[in-house]
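The values are calculated or read from the model by the stated rules, or taken from the named source; none is laboratory data. Note that this is a predicted model, so its numbers are computed, not measured. Using ideal geometry, Cβ is built from the backbone for each residue, glycine included, and neighbour counts are taken over all protein chains shown. Calculation scope for accessible area: heavy atoms of the full protein, side chains included, ligands and nucleic acids excluded. Shrake-Rupley method; radii C 1.70, N 1.55, O 1.52, S 1.80 Å.
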Amino acid sequence: MRILRLVLMILLLCACRAEENTGTAETTRQEVRQPPAPPIVENFEGEPRLSLFPRVGAYRPEEDDATALAYWRTYLEHLEHTAGVVTLAEGGRAFGLRGVAKLDAFGFFSPLAVEPATRYRLRARGKHTLGEGARAGIGILEFDQFLWIAEQYPQSLAEKHQKGLQPGIEVTGEGDWQEHEAVFVTGPQTRMIHLVFYLEGAGNRAPALWDDIAVEQAP
């Protein structure tokens with residue numbers, strides 16, 4: 001009887017330890033998968049805080065459109081070579097978008113987890129020299145859940161999850177470094193936003209530069 005009790009105690013102890021290890025591993029996985037969220041500041045000087053993914057046009061082509069997908073991937077590769085973090089002549093670093101031939105609208109997006117029906121403030125410093133009819137900015141797309149998808153969404157997926165859009169910050173013409181700010185309120189179903197850094201206007205060779213980007217809850 002004593003031997004049986006000892007065996008049962010050993011089995012119970014092992015089970016508890018296994019459950020504890022499983023819980024710890026699951027907690028670790030959840031911590032690793034925590035999405036970026038406000039308050040957040042990106043100055044491009046150290047470890048990246050914002051993940052930036054390229055986008056061309058409004059949507060990624062659907063999987064069954066092989067020809068359009070091939071063109072889309074080619075443009076994305078070209079965009080990744082002409083845009084990104086740059087070193088400034090005056091010192092420091094910033095994110096820059098430069099015109100791409102045959103593309104009228106393109107950019108990069110950065111996903112952030114947010115709370116629904118919540119007021120946020122977007123701040124950024126910008127410098128730009130834009131041609132006639134060109135414009136640049138940081139727009140906001142709203143989605144009903146955080147999607148771990150590291151590329152532009154096809155229309156079918158966007159229509160399923162996108163719940164709104166907000167203008168954010170937009171600039172035209174020419175301007176030296178200056179502060180820009182926009183306050184927005186997320187919708188009642190919004191759980192994720194995309195900050196969309198965009199440039200519209202073909203042939204604009206001077207870069208639109210952004211730095212010190214911050215998103216935080218606003219009173």
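One table, with the values for the structure above:
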| read-out | value |
| --- | --- |
| Candidate set from the stretch 101-110 (those that are in contact with a strand residue (DSSP E or B) (Cβ under 6 Å, 6 or more places away or on another chain) and surrounded by 16 or more Cβ atoms within 10 Å (Cβ to Cβ)); member that is modelled with the lowest pLDDT | Phe106 |
| Residue list for the stretch 201-219, filter: at pLDDT below 95 and open to solvent by 10 Å² or more (accessible area, probe 1.4 Å) | Gly201, Ala202, Gly203, Asn204, Arg205, Ala206, Pro207, Pro219 |
| Positions within the stretch 87-100 being modelled with pLDDT under 95, over 26 Å from Arg60 (Cβ atoms) and either open to solvent by less than 20 Å² (accessible area, probe 1.4 Å) or hydrophobic (A, V, I, L, M, F, W, C) (or both), in sequence order | Leu88, Ala89 |
| Selection status of Leu165, at pLDDT 95 or above and either open to solvent by less than 30 Å² (accessible area, probe 1.4 Å) or assigned to a loop (DSSP other than H, G, I, E, B) (or both) | no |
| Filter result for Gly173 (modelled with pLDDT under 95 and of a type outside the set (Ser, Thr, Tyr)) | yes |
| Meets criteria (under 24 Å from Ala214 (Cβ atoms), in contact (Cβ under 8 Å) with a residue 12 or more places away in the chain, among the acidic types (Asp, Glu) and part of a strand (DSSP E or B)) for Glu115 | no |
| All positions within the stretch 118-134 that are charged (D, E, K, R) and either at positive phi or not in a loop (DSSP other than H, G, I, E, B) (or both) | Arg119, Arg121, Arg123, Arg125, Lys127 |
| Enumeration of residues in the stretch 135-155 that are in contact (Cβ under 8 Å) with a residue 40 or more places away in the chain, open to solvent by 10 Å² or more (accessible area, probe 1.4 Å) and either part of a loop (DSSP other than H, G, I, E, B) or among the aliphatic types (A, V, I, L, M) (or both) | Leu141, Asp144, Gln145, Phe146, Leu147, Trp148, Ala150, Glu151, Tyr153 |
| Residues within the stretch 174-200 that are within 28 Å of Glu132 (Cα to Cα), open to solvent by 20 Å² or more (accessible area, probe 1.4 Å) and not hydroxyl-bearing (Ser, Thr, Tyr), tallied | 9 |
| Some residue of the stretch 29-36 being open to solvent by less than 50 Å² (accessible area, probe 1.4 Å) and either at pLDDT 95 or above or touching a Phe, Trp or Tyr at 6+ places or on another chain (Cβ under 9 Å) (or both) | yes |
| Per-region count, the stretch 36-95, residues hydroxyl-bearing (Ser, Thr, Tyr) and over 18 Å from Gly107 (Cα atoms) | 2 |
| Enumeration of residues in the stretch 65-100 that are of a type in the set (A, V, I, L, M, F, W, C), part of a loop (DSSP other than H, G, I, E, B) and touching a strand residue (DSSP E or B) at 6+ places or on another chain (Cβ under 8 Å) | Ala83, Leu88, Val100 |
| Number of the exception - Lys160 against (1) touching a strand residue (DSSP E or B) at 6+ places or on another chain (Cβ under 7 Å); (2) among the charged types (D, E, K, R); (3) open to solvent by 50 Å² or more (accessible area, probe 1.4 Å); (4) closer than 24 Å to Gln34 by Cα | (1) |
